[in-house]
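Below is one structure; the comments refer to it alone.
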Amino acid sequence: MHKFVVQGGRKLEGTVAASGSKNSALPLLFATILSSKPVRLSRVPHLKDIDTTLKLLRGIGAEASHENGVVNLNLPKLTSLEAPYDLVRTMRASILMLGPMLARERSARVSLPGGCAIGSRPVDIHLTGLEALGAELKLEHGYVVGVCPKGLKGAEVKFKMPSVGATEHLLMAASLAEGRSVLRNCAREPEIVDLVKFLRAMGAKIKGEGESDIEVEGVASLGSADYEVMFDRIEAGTLLFAGLMTGGRVRVDGMDASCLTSFLDALKESGAHIEIGSNWVAASAQGPLKPIRMKTEPYPGFPTDLQAQLMAYLALVPGESHIEENIFENRFMHVPELNRMNAHIDVQGPLAVIHGKPGCYDGATVMATDLRASASLVFAGLAARGETQVRRIYHLDRGYESLEKKLSSLGASIQRELD
């Protein structure tokens, strides 16, 4: 197990490149199950969750390599229809194997998933959608076991909430279902749009991506594709705090600002200086900062995956800021750790009240509780007096590619050490 040792108090400045999106790459990789032809994906980040996904795909018969950000994958025949617990338990997205295997082979056995412990993330919305397409599902010894002897059939599915994972799951399954499917109350995240573009590149017939209703006309098979994964908008947003929280200026290249409008608007409201180019964004604190009130919402609202990082930043902004978490319960587990570093944050149910004070952070030993919380602690350490040790960074390694190298290139003193 590893930890980060951060020496705070350094101004971070410079330019870094955004990595490919983990949240897009994972469903794209699972979507390759739908095709028996070779697929090439570029800008795939080197992350633990990507490695786990490739192990899962190899376990069902895929030939897969991942070198220099490029994944070459070929699955002409599935040799297994099971996603085992030992791999699935570490990553919630692995439930996305179920639909593609059912669509292609009419049978699947997938362990119930794991992932970050940040509240209830039920998979029932996935299962209900697949059942609407004709799948027969049952829970058996911790596994979801599914069959559809006559294949999946197109149907109208209305999600009870705009779930990103369920939208992705049903888009994949419906691509090979017989007939027309209409998915209503879909998630609208850019990663959904990226998945549809990839499915379309393989031959799927889909329209309406980025809107609440999406139509899918099923096809008999999907073919080859050569596709570049979109940038990681959560990593890009996280990196912009490096300059804001240390008195410097950081520019992130290879990103599309239109995918982060609500986030950038929140930073501007706080007084941050934001510069936007054709494929880059820069952030710095050139004038007085002020508190804000923000709530997380489904896209295009403020992303829950940037909530912890924003909170760490607002603890340095004078005055009382409010953050309301509306997506996941129990996603304030970073608050006690930030308070250990001398932040002043009170939690009242889904509301966090941040009593900001410039220069509040003192270095301390803290423990990461989930992927995004770990990033907030690292960035608080960058702004702190003295040394901060962030333990259990295996959470962070699931979602940030070479974070310590990128921060070091900006002038940070951050080391990975055995814990």
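The values are calculated or read from the model by the stated rules, or taken from the named source; none is laboratory data. Bear in mind the structure is a predicted one, so any value in this text is a computation, not a measurement. Because the Cβ atoms are built from the backbone with ideal geometry, glycine has one as well, and the counts that use them run over all protein chains shown.
The table below gives the values:
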| item | result |
| --- | --- |
| Those residues of region 308-331 which are in contact with a Leu (Cβ under 9 Å, 6 or more places away or on another chain) and not in a helix (DSSP H, G or I), in sequence order | Ala315, Leu316, Val317, Pro318, Gly319, Ser321, His322, Ile323, Glu324, Glu325 |
| Flag if Ala315 is crowded, with 23+ Cβ neighbours inside 10 Å, of a type in the set (Gly, Ala, Ser) and touching a strand residue (DSSP E or B) at 6+ places or on another chain (Cβ under 8 Å) | yes |
| Given (1) assigned to a strand (DSSP E or B); (2) more than 29 Å from Leu127 (Cβ to Cβ); (3) in the same structural domain as Val144 (by TED's automatic domain parsing), number of the condition Leu73 does not satisfy | (2) |
| Extreme residue, farthest from the chain's Cα centre (by Cα), among residues of region 27-52 that are assigned to a helix (DSSP H, G or I) and under 20 Å from Ala204 (Cβ atoms) | Leu34 |
| Any hit, region 405-418, residues being assigned to a loop (DSSP other than H, G, I, E, B) and without any contact (Cβ under 8 Å) to a residue 12 or more places away in the chain | no |
| Failed criterion for Leu267 (all others in (1) touching a strand residue (DSSP E or B) at 6+ places or on another chain (Cβ under 8 Å); (2) surrounded by fewer than 16 Cβ atoms within 10 Å (Cβ to Cβ); (3) not polar (S, T, N, Q) hold) | (2) |
| From the options Gly301, Gly271, Gly287, Gly277, residue that is in the same structural domain as Ala373 (by TED's automatic domain parsing) and on the phi > 0 side of the Ramachandran plot | Gly271 |
| Residues of region 185-241 that turn out to be small (Gly, Ala, Ser), buried (at least 20 other Cβ atoms within 10 Å of the Cβ) and under 18 Å from Pro298 (Cα atoms), as a count | 2 |
| Among the residues listed as Gly399, Gly356, Gly363, Gly386, the single one being crowded, with 24+ Cβ neighbours inside 10 Å and in contact (Cβ under 8 Å) with a residue 24 or more places away in the chain | Gly399 |
| Residue within region 270-291 that is touching a residue at least 12 places away in the same chain (Cβ under 8 Å), surrounded by fewer than 16 Cβ atoms within 10 Å (Cβ to Cβ), of a type in the set (D, E, K, R) and touching an Asp or Glu at 6+ places or on another chain (Cβ under 9 Å) present | yes |
| Selection from region 140-173 of residues that are more than 13 Å from Pro27 (Cβ to Cβ), in contact with a Gly (Cβ under 6 Å, 6 or more places away or on another chain) and surrounded by 19 or more Cβ atoms within 10 Å (Cβ to Cβ) | Cys148, Leu152, Gly154, Val157 |
| Helices (runs of 4 or more DSSP H) enclosed by region 159-257 - at least 1 residues per element that are touching a Pro at 6+ places or on another chain (Cβ under 6 Å), outside the structural domain of Val281 (by TED's automatic domain parsing) and within 14 Å of Asn23 (Cβ to Cβ) | 164-175, 190-201 |
| Those residues of region 202-238 which are of a type in the set (A, V, I, L, M) and touching a Ser or Thr at 6+ places or on another chain (Cβ under 9 Å), in sequence order | Met202, Ala204, Ile206, Ile214, Val216, Val219, Leu222, Ala225, Val229, Met230, Ile234, Ala236 |
| Hits in region 60-86 - residues which are in contact with a helix residue (DSSP H, G or I) (Cβ under 7 Å, 6 or more places away or on another chain) and surrounded by fewer than 16 Cβ atoms within 10 Å (Cβ to Cβ) | Ser80 |
| Residues of region 366-383 satisfying the condition of being surrounded by 20 or more Cβ atoms within 10 Å (Cβ to Cβ) and in a strand (DSSP E or B) | Val366 |
